[in-house]
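Heads up, the thing below is written out as structure tokens.
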Amino acid sequence: VKKVYSHENRLIVFNLKNVLEDAGIACVVENEFSSGGVGDLSPFETWPELWVVNDADEERAVKIIEDLNQPTQQDWYCSVCGEKNPGSFQVCWNCGAERKPAP
Ligand SMILES: [Zn+2]
């Protein structure tokens, strides 16, 4: 097992877990129930951690997490009018429709 991510907000950690599992990467969350403070550890030192079960998946998992944490700069196509938009746009330049993630 390899640790690939840690964040104070367990919801974010669990969201990433779902994303990795969708990508076929088995993973587990450690320190899930740390908020009450366990033993001598400060709650601030026991953020939820995301671990991949298979070490071979580590590289792929890290890449996916990096991609998620970067603004997507790929061009996208408006789901309403079909116009092509630059990745930095959050609404369609042509019709003003909100950007929707690809299905
Ligand atoms: Zn549009």
By residue number, the members of region 58-83 that are within 16 Å of the ligand (Cβ to nearest atom) and open to solvent by 80 Å² or more (accessible area, probe 1.4 Å) are Asp75, Tyr77, Ser79, Val80
Looking only at region 39-48, decide whether some residue is at pLDDT 90 or above and open to solvent by 80 Å² or more (accessible area, probe 1.4 Å).
no
Report every pair of residues separated by at least 6 positions or lying on different chains whose Cβ atoms are under 7 Å apart, first residue within region 77-90 and among the small types (Gly, Ala, Ser), second part of a loop (DSSP other than H, G, I, E, B) and surrounded by 14 or more Cβ atoms within 10 Å (Cβ to Cβ).
Ser79/Ala97
Across region 84-99, what is the total count of residues that are more than 10 Å from the ligand (Cβ to nearest atom) and exposed (fewer than 12 other Cβ atoms within 10 Å of the Cβ)?
3
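The values are calculated or read from the model by the stated rules, or taken from the named source; none is laboratory data. All of these numbers come straight from a predicted model, not from anything done at the bench. So basically every Cβ, Gly included, is an ideal-geometry build from the backbone, and we count neighbours across all protein chains shown. In case anyone asks, the SASA skips ligands and DNA or RNA and just uses the protein heavy atoms, side chains included. Shrake-Rupley method; radii C 1.70, N 1.55, O 1.52, S 1.80 Å.
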